[in-house]
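Novice: For reference, the structure I am asking about is given below.
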Amino acid sequence: MTTAHNQAKKGQIAETILLPGDPLRAKFIAENFLEDVVEFNSVRNMLGYTGKYKGKEVSVMGTGMGMPSMGIYSYELIHFYGVKNLIRVGSCGSYQDDVKIHDIILAQGACTNSNFASQYELPGTFSAIASFELLEKAKKIADDKNYKVRVGNILSSDIFYNDHPEVWKKWADIGVLGVEMEAYALYANAAKAGVNALTILTVSDSLVSQEATTPKERETTFTKMMEIALELA
Ligand code: HPA
């Protein structure tokens, strides 16, 4: 079975998959963290690989940026390839003074300004939440490794360059920790299908302090986030 976006055959993708936004990150993870790696997708350069981490089979694939792109890839992974545990590993901007560059966030829930959940025709607003099982496990793994993590709410935004550059403060005011652009669609797709999803983020920039990480610095925190994600496999 292949799809318009994924040339993998059924069985080539593991039950647990790590999902960075950047397909080159997927390649980096496969090359640096996995053994016995096989590439299963290169359609649109959305690279995907399956390999082994500490003897367990795990896959990694890019999702692209934004909820439409995440929506397509995660839906296909779940419904056409039988993936059960989808773990986004990404970056985010901080909305809070005490959420610093390099901090790691486990996204317990995701708010959104997107219309993604309108497809379900619910008589209200869908709250997108992480799998408690994955969240609890990830927190324990982080604690055991002595990696400090924040657990809380994030915003999945459709907009990177906002016409109202101060509007993020309204989300900050209601306790949202930071902003990215994919988690809500991942959590909604997983919830609808009854599978597990989690989003792990490292803070790459701050809307509060205007700081941003250098690529070198990003690599170190990225490694910590990856270790947490891979231990979930
Ligand atoms: N906005 C949206 N997505 C992001 C950001 C941001 O500031 N930083 C990393 N991902």
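The values are calculated or read from the model by the stated rules, or taken from the named source; none is laboratory data. Quantities reported herein were computed from a predicted structural model and do not represent experimental measurements. Cβ atoms come from the backbone with ideal geometry, glycine included; neighbour counts cover every protein chain shown. When the accessible area is computed, the model is the full protein with side chains, heavy atoms only, and any ligands, DNA or RNA have been set aside. Shrake-Rupley method; radii C 1.70, N 1.55, O 1.52, S 1.80 Å.
Novice: Would you kindly state how much longer the chain becomes between Phe126 and Tyr147 on full extension, computed as 0.36 nm times their sequence separation minus their alpha carbon distance, in nm to one decimal?
Specialist: 4.4 nm
Novice: For Lys9 paired with Asp97, estimate the spin-label separation in nm (one decimal), with each label point 7 Å from Cα along the Cα-to-Cβ line.
Specialist: With each label placed 7 Å out from Cα toward Cβ, I get 5.9 nm.
Novice: When the dipole is taken about the Cα centre of the chain, and only Lys, Arg (+1) and Asp, Glu (-1) are charged at their Cβ, what size is it in debye, to the nearest 20?
Specialist: It works out to roughly 500 debye.
Novice: Around Gly66, with a cut-off of 12 angstrom between Cβ atoms, what is the net charge of the other residues, counting Lys and Arg +1 and Asp and Glu -1?
Specialist: -3
Novice: Å³ per residue of the Cα convex hull, for the chain?
Specialist: Expressed per residue, the convex hull around the Cα atoms of the chain is 122 Å³.
Novice: Quick check on the chain: helices-only [θ] at 222 nm, where DSSP H runs of length 4 and up contribute -39,500 (n - 2.57) each and the sum goes over total residues. Nearest 500, please.
Specialist: Taken over the chain, the calculation gives -9500 deg cm²/dmol.
Novice: Quick check for you: with a 1.4 Å probe and neighbouring chains kept, what is the accessible area per residue of the stretch 5-87, in Å²?
Specialist: On a per-residue basis, the stretch 5-87 sits at 45 Å².
Novice: Specify which residue in the list Leu155, Phe28, Gln7 is farthest towards the positive end of the charge dipole of the chain, using unit charges on the beta carbon of Lys, Arg (+1) and Asp, Glu (-1), about the Cα centre.
Specialist: Result: Gln7.
Novice: What Kirkwood radius, in Å to one decimal, follows from the Cα pairs of the stretch 121-229?
Specialist: Computed over the stretch 121-229, the radius equals 15.7 Å.
Novice: Per residue, how large is the accessible surface of the stretch 101-233? Use a 1.4 angstrom probe and give square angstrom.
Specialist: 52
Novice: Let me ask another. State the antiparallel share, in %, of DSSP beta bridges confined to the stretch 16-231, rounding to the nearest 5.
Specialist: 40
Novice: Just the number, please: carbon plus sulfur as a percent of the accessible area of the chain, 1.4 Å probe, no ligands or DNA/RNA counted.
Specialist: 51
Novice: Between Gly90, Gly124, Gly194, find the one with the highest GNM mean-square fluctuation for the chain; connect C-alpha pairs within less than 10 Å.
Specialist: In the Gaussian network model the winner is Gly124.
Novice: Continuing with this model, one more query. Would you mind getting me the FRET efficiency between Ser209 and Asn113? Use the beta-carbon distance for r and R0 = 25 Å, nearest 0.05.
Specialist: 0.60
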